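Encoded as structure tokens, the structure appears first; notes follow it.
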Amino acid sequence: MSQDFALAACAEMLWQDRPMDWRLRRLTEMGFACGIWSWTAHDLGMLERSGAAFSSMTGYISGRLADEAGAAELIATARQSIEVGKRLNVARLNLHGTGLGEGGLPVTPCETVTGAMWLKARDTLNRIADLADEHGVTFMIENLNLPVDHPGVPFARIEDTLALVSAVDRPGLRLNLDLYHVQIGEGNLIAWCRRCLPFIGEIQVADVPGRQEPGTGEINYAGVARALDAMGYRGPVCLEAFASGEPEAALEAFRAAFTL
Ligand SMILES: O=C(O)C(=O)CO
């Protein structure tokens with residue numbers, strides 16, 4: 001049995017009754033890198049002392065892609081996140097089309113994205129890619145689903161994030177291809193993996209419905225893993241899911257699905 005993907009898990013969603021340093025140590029012991037969301041929610045010294053390998057974390061605090069004031073806020077808070085990311089040696093810094101608030105809802109919801117907004121978003125992401133070059137870091141933009149978890153987020157669909165990342169086409173800006181969100185919003189997972197392949201920074205997974213580990217829902221993740229292997233993907237895959245029972249068992253189900 002070989003493990004061809006670099007496996008990680010989102011520490012925010014597992015063992016929610018345990019302190020974060022415990023979760024990070026447990027994931028590390030089990031051989032997983034760790035994903036976290038906003039660094040502002042954590043004691044940075046604790047994160048540093050945990051010894052975890054951080055696969056990704058949120059790479060901004062607030063802001064938006066598609067208007068001048070929002071872009072200024074995004075760039076300023078991305079700068080702060082770069083410093084924290086360097087301190088923790090975080091591999092990738094994650095972005096969304098707009099800041100997310102309570103329950104993952106957009107701080108500034110947007111139902112209609114105009115042509116001018118698309119152009120501004122591309123310009124903002126080029127500024128993000130400039131920052132990435134200057135500091136030697138990698139940003140990613142994550143697709144989200146609109147129907148269930150994140151209504152009103154602009155540039156949320158994989159079609160949108162792929163259009164932006166491929167238009168910018170710079171190594172410091174990649175896709176965080178979240179297959180849970182693709183399944184809800186667009187489906188056709190393997191075809192999207194193929195289209196996104198040249199631009200993928202990380203893949204995130206959870207089953208649908210319920211956002212739990214592979215095997216709890218309708219997605220054949222072992223089949224997706226075989227297809228990714230056949231197309232030559234060898235990058236990180238992160239479980240961003242709740243556990244249906246014991247987190248250790250959820251992590252082993254994830255590992256089994258992505259071990260070829
Ligand atoms: O819903 C997600 O995938 C998110 O990462 C929101 O933070």
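The values are calculated or read from the model by the stated rules, or taken from the named source; none is laboratory data. Computed from a predicted structure; not experimentally measured. For neighbour counting, all protein chains shown are included, and Cβ atoms are generated from backbone atoms with ideal geometry for every residue, glycine included.
The table for this structure:
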| quantity | calculated |
| --- | --- |
| Total residues in the range 94-115, condition among the acidic types (Asp, Glu) and either within 10 Å of the ligand (Cβ to nearest atom) or under 19 Å from the mean Cα position of the chain (by Cα) (or both) | 1 |
| Residue that is of a type in the set (Phe, Trp, Tyr) and more than 14 Å from the chain's Cα centre (by Cα), where the choices are TRP37, TRP15 | TRP15 |
| Lone qualifier among GLU186, GLU213 - being under 26 Å from LEU95 (Cβ atoms) and either among the hydroxyl-bearing types (Ser, Thr, Tyr) or in contact with a Ser or Thr (Cβ under 8 Å, 6 or more places away or on another chain) (or both) | GLU213 |
| Residue check, ASP21 part of a loop (DSSP other than H, G, I, E, B) and of a type in the set (D, E, K, R) | no |
| Top-ranked residue in the range 30-51 [being within 13 Å of CYS10 (Cβ to Cβ) and touching a residue at least 40 places away in the same chain (Cβ under 8 Å); ranked as nearest to the ligand (Cβ to nearest atom)] | GLY35 |
| Pairs where the first residue, in the range 69-83, is assigned to a helix (DSSP H, G or I) and the second is at pLDDT 95 or above and basic (Lys, Arg), C-beta under 6 Å, 6+ apart | GLY70/ARG64; ILE75/ARG127 |
| Among the candidates GLY115, GLY104, residue that is closer than 19 Å to LEU179 by Cα, out of contact with any Phe, Trp or Tyr (no Cβ under 7 Å at 6 or more places or on another chain), surrounded by fewer than 24 Cβ atoms within 10 Å (Cβ to Cβ) and small (Gly, Ala, Ser) | GLY104 |
| Single residue of the range 128-158 satisfying the filter (among the charged types (D, E, K, R) and surrounded by fewer than 16 Cβ atoms within 10 Å (Cβ to Cβ)) that is farthest from the chain's Cα centre (by Cα) | GLU134 |
| Lone unmet requirement of (1) within 22 Å of ILE141 (Cα to Cα); (2) surrounded by 24 or more Cβ atoms within 10 Å (Cβ to Cβ); (3) touching a residue at least 40 places away in the same chain (Cβ under 8 Å) for GLY235 | (2) |
| Conditions (1) under 18 Å from GLU240 (Cβ atoms); (2) out of contact with any helix residue (DSSP H, G or I) (no Cβ under 9 Å at 6 or more places or on another chain); number of the one not met by ALA53 | (2) |
